[in-house]
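*Asks:* So that we are looking at the same thing, I have put the structure below in structure tokens.
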Amino acid sequence: MIREPLKPTGCLDHYNYFEVTPCVGRQYTDLQLRDLLKSDELIREFAIIVSHRGVVFLRDQELTLEEQKIFTQKLGLLSGKPKEAGLHVHPSVRAKAPHIVDEEAQKDPQAFLVSNRLWDTYFGKQKTDPVQAKKNRSGASEWHSEYVPRHFQ
């Protein structure tokens, strides 16, 4: 089944934003994802903007884990994800760091935490040890993502 691409409606244009670069990235300065949960139209528009801009930056979000899961599921469904597809976390990336990771996220198989606080636990020595710092010239041990979810077929 071939569908027409989703087109933006402009319903998020009243939020303040700027284009980070001409080709990639938009930053919203006053948008709270929690506010988008009230409207499927707003969530769909957000999905379209992410698709067009590649990256969307949001700061100081106040969202519970459950709200994040609802938002993520709706974002996928409203932008074409099959209804039978749920939330997906690759099993190899389950974080188990009870002194850092929120207990609620530890118990939830649909949650995966990405935290800059994990850096100090696992790589903190590299910041202060000159030998370790030289080994990390490429930055490969710093936080980055190589995880790419498989598309549903």
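The values are calculated or read from the model by the stated rules, or taken from the named source; none is laboratory data. These numbers come from a predicted model, not from an experiment. Methodologically, a virtual Cβ is constructed for each residue, glycine included, from the backbone with ideal geometry; neighbour enumeration extends over all protein chains shown.
*Asks:* Let me spell it out: the conditions are (1) outside any loop (DSSP other than H, G, I, E, B); (2) at pLDDT 90 or above, and Q61 meets all of them except one. Which number is the exception?
*Replies:* Here Q61 clears every test but (1).
*Asks:* While we're here: Go through region 35-64 residue by residue and tally those that are over 18 Å from V20 (Cα atoms) and loosely packed, with under 15 Cβ neighbours inside 10 Å.
*Replies:* Within region 35-64, residues that are over 18 Å from V20 (Cα atoms) and loosely packed, with under 15 Cβ neighbours inside 10 Å number 8.
*Asks:* So, one more: Test each condition in (1) touching a residue at least 12 places away in the same chain (Cβ under 8 Å); (2) more than 14 Å from the chain's Cα centre (by Cα); (3) farther than 20 Å from A111 by Cα for F46 and report the one that comes out false.
*Replies:* (2)
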